[in-house]
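The values are calculated or read from the model by the stated rules, or taken from the named source; none is laboratory data. Predicted model, so just to flag it, every value in this text is computed and none were measured. Heads up, the Cβs are rebuilt from the backbone with ideal geometry, glycines too, and the neighbour counts pull from every protein chain shown. Accessible surface areas use protein heavy atoms only, side chains included; no ligands, DNA or RNA. Shrake-Rupley method; radii C 1.70, N 1.55, O 1.52, S 1.80 Å.
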Amino acid sequence: MADEKTLFSRIADGDLPAEILHRDEHCFVIKDISPQAPTHLLVIPIKPIPRLVDATLADRALLGHLLWVAGDIAKRAGCGEAFRLVINNGAGAGQTVFHLHLHVLGNTQFNEASLLG
Ligand code: 5GP
């Protein structure tokens, strides 16, 4: 039977190499392999929820935890007061890995007038 694990589950399980910057019982954080800012981290739940819209009410606490970890790791990465969190939901929004993740982007100059880049 084909391996149905997501890319990020394979990283979480150690099947694929990645530097894990944070890990707890609910999530882990890695550097994006193709960074779009000097700091570009991914906060990933261990539970392989495909997209944000696939999360259920039972995932509320997990979603809150991911947000807290994102803020904490941004602080620890020296992002100061200016960082951005992005969740791409669906292929039309640019999602390529169908295992929920938050992008943490920082240590760069943001165009304050635009959320799109
Ligand atoms: P999405 O486009 O789904 O919102 O984001 C997926 C992200 O995962 C992309 O920014 C991409 O660069 C990153 N990515 C894809 N494959 C790997 C990988 O094998 N290792 C790491 N660390 N990041 C990856």
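Output the residues belonging to segment 101-117 that are closer than 19 Å to residue 43 by Cα, within 14 Å of the ligand (Cβ to nearest atom) and either free of Cβ contacts under 8 Å to residues at least 60 places away in the same chain or not in a loop (DSSP other than H, G, I, E, B) (or both). Walk me through how you get there before you give the answer.
Step one: of segment 101-117, the residues closer than 19 Å to residue 43 by Cα are 101-108.
Then keep just the ones that are within 14 Å of the ligand (Cβ to nearest atom); that gives 101-105.
Once the filter is applied, which keeps residues that are closer than 19 Å to residue 43 by Cα, within 14 Å of the ligand (Cβ to nearest atom) and either free of Cβ contacts under 8 Å to residues at least 60 places away in the same chain or not in a loop (DSSP other than H, G, I, E, B) (or both), segment 101-117 yields 102, 103, 104, 105.
When segment 34-62 is limited to residues that are free of Cβ contacts under 8 Å to residues at least 12 places away in the same chain and part of a loop (DSSP other than H, G, I, E, B), the one that is surrounded by the most Cβ atoms within 10 Å (Cβ to Cβ) turns out to be 35. Against the conditions (1) open to solvent by 40 Å² or more (accessible area, probe 1.4 Å); (2) within 11 Å of the ligand (Cβ to nearest atom), residue 11 satisfies every one except (1). Out of all the residues in segment 76-100, which are of a type in the set (Lys, Arg) and either loosely packed, with under 13 Cβ neighbours inside 10 Å or part of a loop (DSSP other than H, G, I, E, B) (or both)? The one that is of a type in the set (Lys, Arg) and either loosely packed, with under 13 Cβ neighbours inside 10 Å or part of a loop (DSSP other than H, G, I, E, B) (or both): 76.
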